[in-house]
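The structure under discussion appears below in the form of structure tokens.
What follows draws every value from the coordinates through simple rules; no lab data is involved. Treat the numbers as computed from the prediction; the structure is a model and nothing was measured. Note that we place each Cβ from the backbone using ideal geometry, even for glycine, and neighbour counts take in every protein chain shown.
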Amino acid sequence: AQKLSEIQEGERTALDNSMLLFCSSMLNGGHDATQLPVVLVGGGGGTIRGNRVLDYLGQENRQMCRLYLSMMDRCGLHFDRFGDADQRLDEL
């Protein structure tokens with residue numbers, strides 16, 4: 001991410017124009033998919049507000065596929081649903 005933040009692309013950096021998703025399919029080694037560690041880095045072309053933590057613990061809208069739909073929208077790919085989700089993460 002550091003190197004991407006040093007590359008200018010017009011008025012933004014390559015990091016500002018990117019979305020880098022880091023995630024794991026397990027939190028504690030037990031393959032429990034109810035609480036996954038996820039880090040999304042980058043500004044998505046100015047569509048993502050950064051420098052914050054979004055905690056969805058205990059919330060009904062806690063689905064990875066909602067994150068994927070939201071990310072695809074920002075890439076210009078619009079689908080009615082993806083996996084088990086048909087809604088986006090508006091907070092993103």
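Over all directions, the projected convex hull of the C-alpha atoms in the range 41-86 averages 3.6 nm² in area.
Here is the tail figure for the chain: Cα pairs spaced more than 17 Å apart come to 55 percent of all pairs. Protection proxy ranking of 16-24, 71-79, by the mean of other Cβ atoms within 10 Å over each peptide's residues and highest first, is 16-24, 71-79.
Close amide H pairs (under 5 Å, H built 1.01 Å from N) link E9 with A14, residues at least 5 positions away or on another chain.
Which residue fluctuates the most in the chain, going by a Gaussian network model with Cα springs under 10 Å, if the choices are G43, G29, G58? Among G43, G29, G58, the largest GNM mean-square fluctuation belongs to G29. Taking Lys and Arg as +1 and Asp and Glu as -1, the other residues whose beta-carbon sits under 14 Å from that of Q87 total -3.
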